[in-house]
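Contents: one structure, followed by commentary.
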Amino acid sequence: MTEARIAIIGGTGAEGLGLAMRFAKAGHMVYIVSRSEEHAAEAVEKVKAKLPEGDVFGGLNAEGAEKADFVFLTVPSDAHHDTLVDLAEVIGEKILIDVVVPMLWDKDGPKAVIVDEGSAALQAQVLLPNAKVISGFHHLDGSELQKVDRPLQGDVIIAGDHKPSKKKVMDLVEQIEYVRALDGGGLASSHYLEEFTVQLLQINKIYKSHAGVRITGI
């Protein structure tokens with residue numbers, strides 16, 4: 001795969017930062033962007049500390065989205081709607097990979113939040129009707145992603161309605177060492193991917209682990 005330009009909106013959080021590190025390690029150009037230039041710059045420094053030769057840049061959300069071929073959305077779920085509204089014009093017809101899980105934490109652990117459209121990714125498609133919205137990367141643990149000296153073990157299930165874009169994202173998945181991409185069907189399946197993430201977080205809470213997903217028999 002040739003070098004891709006990847007923007008990670010919300011790249012200052014654990015998941016976004018981990019994805020930035022893995023894609024920079026794979027030789028891609030990564031834009032870690034945020035509503036705060038200062039926070040984005042701090043995130044770039046963290047990546048550069050582990051990958052000094054990586055092509056990693058900071059900036060504001062719209063700047064990264066404008067430059068990228070692939071736009072990853074890894075913001076907290078309560079920022080999902082407004083972030084997409086703000087970026088709808090600049091994202092346009094690009095590939096948007098929605099990694100957001102509508103959820104909250106209470107004293108018993110993680111809880112799924114119902115989205116009127118059915119899932120975060122389906123909401124994204126409503127808000128960005130021209131974008132190629134892909135759902136995926138939910139089940140890779142952020143802290144494990146940041147251990148760039150270690151290969152990951154797991155599968156990434158990808159859902160989307162635009163087949164050429166889904167194939168491009170699946171190819172991107174396999175740029176992460178030892179990670180396999182699996183086709184999870186159309187974008188309607190994003191509901192299951194997002195909600196299972198909540199169950200996985202509950203398992204990790206109980207076992208104090210950082211488990212991922214591996215599908216057997218394929």
Can you name the residue in segment 132-155 that is open to solvent by less than 10 Å² (accessible area, probe 1.4 Å), over 11 Å from the mean Cα position of the chain (by Cα) and not acidic (Asp, Glu) and, of all such residues, is nearest to Glu117 (Cα to Cα)?
-> Val133
From the option list Gly64, Gly54, single residue qualifying as touching a Phe, Trp or Tyr at 6+ places or on another chain (Cβ under 8 Å), free of Cβ contacts under 8 Å to residues at least 60 places away in the same chain and crowded, with 17+ Cβ neighbours inside 10 Å is Gly64
Write out, first by first residue and then by second, each pair whose Cβ atoms fall under 8 Å of each other, whose residues are 6+ apart or on separate chains, and whose first residue, in segment 146-158, is closer than 24 Å to Leu51 by Cα while the second is modelled with pLDDT under 95 and of a type in the set (D, E, K, R).
-> Pro151/Glu177; Leu152/Glu177
Within the bounds of segment 183-197, is there any residue that is touching a Lys or Arg at 6+ places or on another chain (Cβ under 7 Å), touching a residue at least 60 places away in the same chain (Cβ under 8 Å) and surrounded by 20 or more Cβ atoms within 10 Å (Cβ to Cβ)?
-> no
Taking segment 2-21, which residues are open to solvent by 10 Å² or more (accessible area, probe 1.4 Å), at pLDDT 95 or above and closer than 17 Å to Lys168 by Cα?
-> Arg5
Among the numbered criteria (1) within 30 Å of His191 (Cβ to Cβ); (2) outside any loop (DSSP other than H, G, I, E, B), which single criterion is violated by Val101?
-> (2)
Of the residues that sit in segment 67-86 and are free of Cβ contacts under 8 Å to residues at least 60 places away in the same chain and open to solvent by less than 10 Å² (accessible area, probe 1.4 Å), which one is nearest to His191 (Cα to Cα)?
-> His80
Got at least one residue in segment 101-111 being free of Cβ contacts under 8 Å to residues at least 60 places away in the same chain, open to solvent by less than 50 Å² (accessible area, probe 1.4 Å) and at negative phi?
-> no
With the condition kept exactly as written, say whether any residue in segment 26-39 is surrounded by fewer than 22 Cβ atoms within 10 Å (Cβ to Cβ) and over 15 Å from Ile9 (Cα atoms).
-> yes
Can you tell me which residue among Glu89, Glu117, Glu93 is of a type in the set (D, E, K, R) and either in contact (Cβ under 8 Å) with a residue 12 or more places away in the chain or assigned to a strand (DSSP E or B) (or both)?
-> Glu93
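The values are calculated or read from the model by the stated rules, or taken from the named source; none is laboratory data. Since this is a predicted model, take the numbers as computed values, not measurements. With ideal geometry, Cβ positions are generated from the backbone for all residues, glycine too; neighbour counts draw on all protein chains shown. In case anyone asks, the SASA skips ligands and DNA or RNA and just uses the protein heavy atoms, side chains included. Shrake-Rupley method; radii C 1.70, N 1.55, O 1.52, S 1.80 Å.
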